[in-house]
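Inspection log for the structure reproduced underneath, given as structure tokens.
The values are calculated or read from the model by the stated rules, or taken from the named source; none is laboratory data. Keep in mind the model is a prediction, meaning the values are calculated, not measured. Cβ atoms come from the backbone with ideal geometry, glycine included; neighbour counts cover every protein chain shown. Each accessible area value is taken on the protein alone, full model and side chains, heavy atoms only, with ligands, DNA and RNA left out. Shrake-Rupley method; radii C 1.70, N 1.55, O 1.52, S 1.80 Å.
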Amino acid sequence: MIDLLLDLWGFMKARKKFWLAPIILLMLLLGVLIVLSQGSAVAPFIYTLF
């Protein structure tokens, strides 16, 4: 996983595509939120957001 992040950072640095960083960070945070809320009582409320 660390290698993937380092490769993405190297790509963004070499190609000057730093605008991708917030998009990737947002996608990671949403993924973590969905995974952590799978078995909790707030899951139905999170799913209504999407």
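When a 1.4 Å probe is rolled over the protein heavy atoms, the share of accessible surface on the chain that falls to carbon and sulfur comes to 77 percent.
Shown are Met1, Met12, whose ranking by accessible area with a 1.4 Å probe and every protein chain present, most to least, is Met1, Met12.
Rolling a 1.4 angstrom probe over the protein heavy atoms with all chains in place gives the chain an accessible area of 88 Å² per residue.
Sparsely packed loop sites in segment 1-33 (the chymotrypsin sites (Phe, Trp or Tyr not before Pro) outside DSSP H, G, I, E and B with at most 12 other Cβ atoms within 10 Å) comprise Phe18, Trp19. The angle between the Cα long axis of helix 2-15 and the main principal axis of the chain comes to about 50°, on a 0 to 90 degree scale.
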